[in-house]
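Structure, as structure tokens:
The values are calculated or read from the model by the stated rules, or taken from the named source; none is laboratory data. Fair warning: this is a prediction, and the values are worked out from it, not measured in the lab. Note: ideal-geometry Cβ built from the backbone for every residue, glycine included; neighbour counts use all protein chains shown. Heads up: the accessible areas ignore ligands, DNA and RNA and are worked out on the full protein's heavy atoms, side chains in. Shrake-Rupley method; radii C 1.70, N 1.55, O 1.52, S 1.80 Å.
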Amino acid sequence: GGTMKRRAGEWEKELKKKKLLEELGENQLPYLTPADADFHQLWKTKYSKLIFRKSDTVPEELHRMVQESFLTLREHNCFFQDLVRIKGKDFLTPVSRILIGNPGCTYKYLNTRLFTVPWPTEGYDIKYCSPQIHDACKALMRLNDYLHVEAVKALQGQNLFETKEIKDTTVIDREQNVATSLTEQGSVSKDQSGVCVPEDDRSLKNRTSYNLTLLNYMDPLQMLYLKQEPYFGMGNMAVSWHHDENLVERSVVAVYSYSCEDSAVEESNEQELKGRDPAVWHVGLKVAWDIETPGLAIPLHQGDIYLMLDDLNMTHQHCVLAGLSPRFSSTHRVADSSRGTLEYILGQCELALQNLQTDSDSMALSLKSLEAAVVKQVEEIHNEVEFEWLRQFWFQGKRYLKYTDWWLKPMAKLEEFWRKMEIMTSLVLSEVRKEQQIEEQRNETISCFLLLLKERQKLRKEWTAR
């Protein structure tokens, strides 16, 4: 309910913003790049929770391992465009992706659930189709550990400077020998800092313990069409303006960027260009639902890293602006696992099946309770297993089976539970037909039961059409 209200509010703000933009006519909103005089001041005051790390701050060996893993995954055709659903319509994403992370973890965005190719985790029996895939997943787990440490440092730095009101900033701009990087020593403006509450170690860990990475790959020259950035005129977009979804609140998002640049691309930084260099990949940022504050376009080069701290992902939006060379990124997230892990859904199934009993003599199946609340809970879990897990997996998840078969056994188990829940649905139907049921209880059970059956029928039609 809260999510729907928030989205409705965002749509309303978006409509208002579009109306204001129409009034502006051809005049697009201003945005700044590192070459602009006010760039660093704007970063300090409006974008201070974006932390940037130049590639030379990252260990060379880690660069080598991670970049090799990207190329290995591409050679093994591990990147896929996702079919996502927006406003009831299906779209293929311009960017190709693969999800790698903790065994049994999933990540949902734009109504599509992705299932992790598990990285080699102690205590799990994970088989890969080749040693190269294993090594690639292991390298990304190493990167994940490194970014976790960096995220903790950045949050500790932010808290330190909020409480002590330290104002010294280190901003380096790559193009002017001062890098486009704001370290964790960046000051936080009054309009962003709010009241600072000291964080304990548990809170820091919860917001930085990445359980997966969503890897992205795109070769812009292979794309027939890319959308133009609509508000600032920043050029071709690989990923449109958005907030990242399905994350633990105020968790840090960490991104490692690797564009396969060559000398031709590097030399295309012509000084007379106004705005961002279209040959170079950039991350774009803007304050959400604000047409007054200029946007930022920050260049991304081989091995650069950026971190989105605290509530930046909620208060701001970001996009990815395409350059000319192919680019990989590894986007590390603390995915909200309250409803997105194998452990969770297996627990839900076991909860539902507590209402099913087997006669010790005849082996006949029957329901322990026909109370409306019990029936409702079981049928909701029935729908969740079918539409959030089984159909999502076999719709797109099966593409990963040629890299690892890890998900096959869990899916077989979920199918077995689903079949038992189908039997439970039939048992409810046969029981409510019997005359001896108390009418008031019977009507209450039928009422909630039918709502969930109608929802199931509607969703089955939608999935069949897809």
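When the GluC sites (Glu not before Pro) in the stretch 357-466 are filtered for DSSP coil states and for at most 16 other beta-carbon atoms within 10 Å of their beta-carbon, the remaining sites are Glu371, Glu435.
The stretch 362-423: percent of C-alpha pairs farther apart than 13 Å?
Details: 1285 of 1891 pairs.
Tail of the P(r) past 13 Å holds 68 percent of the pairs.
Across the stretch 89-100, rounded Karplus estimates of 3J(HN,Hα) from the backbone phi angles (6.51 cos²θ - 1.76 cosθ + 1.60, θ = phi - 60°) give 10, 8, 9, 7, 5, x, 8, 8, 9, 8, 9, 10 Hz, Gly and Pro being marked x.
With the simple spin-label model, which puts each label point 7 Å out from Cα in the Cβ direction, the Leu401 to Phe80 separation comes to 1.1 nm.
For the stretch 32-163, take the convex hull of the Cα atoms, compute a quarter of its surface area, and give me that in nm², please. Provide the component values of the computation, followed by the final result.
Values: hull surface 48.6 nm².
Computing the convex hull of the Cα atoms and averaging its projections yields 12.2 nm².
Just the ratio, please: alpha-carbon radius of gyration of the stretch 342-465 over 2.2 N^0.38 Å, N its number of residues. Could you put the intermediate results ahead of the total?
Values: Rg = 16.2 Å, N = 124, 2.2 N^0.38 = 13.7 Å.
For the stretch 342-465, the normalised Cα radius of gyration comes out at 1.18.
The portion of the accessible surface of the stretch 333-463 made up by carbon and sulfur, rounded to a whole percent, is 51 (1.4 Å probe; DNA, RNA and ligands excluded). Computed from backbone phi, the HN-Hα couplings of the stretch 286-297 come to 8, 6, 4, 6, 9, 10, 9, 6, x, x, 10, 10 Hz, rounded to whole numbers (Karplus: 6.51 cos²θ - 1.76 cosθ + 1.60, θ = phi - 60°; Gly and Pro given as x).
For the stretch 342-465, what is the accessible area per residue in Å² when the probe is 1.4 Å? Display every interim value, and only then the final one.
Numbers: 7020 Å² over 124 residues.
Accessible area per residue, the stretch 342-465: 57 Å².
Look at the alpha carbon pairs under 8 Å that are at least 6 residues apart: their mean separation over the length of the stretch 342-465 gives a relative contact order of 35 percent.
Taking amide hydrogens as placed 1.01 Å from N in the peptide plane, the amide H of Ala238 sits under 5 Å from those of Val320, Leu321, Ala322, each at least 5 positions away in sequence or on another chain.
Could you tell me the calculated FRET efficiency between Glu68 and Ser360, based on Cβ-Cβ distance and R0 = 41 angstrom, to the nearest 0.05? Working from the Cβ atoms, E equals 0.10. Here is the result for the stretch 37-117: no chymotrypsin sites (Phe, Trp or Tyr not before Pro) lie in DSSP coil with at most 14 other C-beta atoms within 10 angstrom of their C-beta.
Sort 351-357, 247-253 by packing, meaning the average of other beta carbons within 10 Å per residue, with the highest value first. Don't jump to the answer; show the numbers that get you there.
Values: 351-357: 15.7, 247-253: 19.9.
Ranking, from highest mean packing down: 247-253, 351-357.
Over all pairs of different C-alpha atoms in the stretch 335-392, the reciprocal of the mean inverse distance, the Kirkwood hydrodynamic radius, equals 12.7 Å. Extension gain Arg142-His243, at 0.36 nm per residue separation less the Cα-Cα distance, in nm? The Arg142-His243 span can extend by a further 33.7 nm. In this calculation the C-beta distance from Asn206 to Lys420 is compared with R0 = 30 Å, giving a FRET efficiency of 0.30.
So how do 143-149, 394-400 stack up, highest first, on mean other-Cβ count within 10 Å? Working shown, then result.
Numbers: 143-149: 18.3, 394-400: 15.9.
Answer by packing, highest mean first, reads 143-149, 394-400.
Kindly state, to the nearest 0.05, the FRET efficiency for Asp135 paired with Arg250, given R0 = 45 Å and r defined as their beta-carbon distance.
On the way: r = 34 Å, r/R0 = 0.75.
Step by step, r from the Cβ atoms, then E = 0.85.
Applying 0.36 nm per residue to the separation of Met314 and Leu351 and subtracting their alpha-carbon distance, the gain on full extension is 9.9 nm. What the phi angles of the stretch 70-82 give under the Karplus curve with 6.51, -1.76 and 1.60, with θ = phi - 60°, is a coupling list of 4, 5, 4, 5, 5, 4, 8, 6, 8, 9, 10, 6, 8 Hz, glycine and proline written as x. Once the Cα-Cα distance is subtracted from the 0.36 nm per residue extended length, the Arg433 to Glu343 segment shows a gain of 28.8 nm.
Quick one: grab the alpha carbon gyration tensor of the stretch 53-107, order the square roots of its eigenvalues as a ≥ b ≥ c, and give me rounded if a/c is under 1.5, else prolate or oblate depending on whether a/b is larger than b/c. It is prolate, given that a/c is not under 1.5 and a/b is the larger ratio. Please compute the modelled spin-label separation between Glu462 and Gln41, points set 7 Å along Cα→Cβ, answer in nm with one decimal. The answer from the label model is 4.9 nm.
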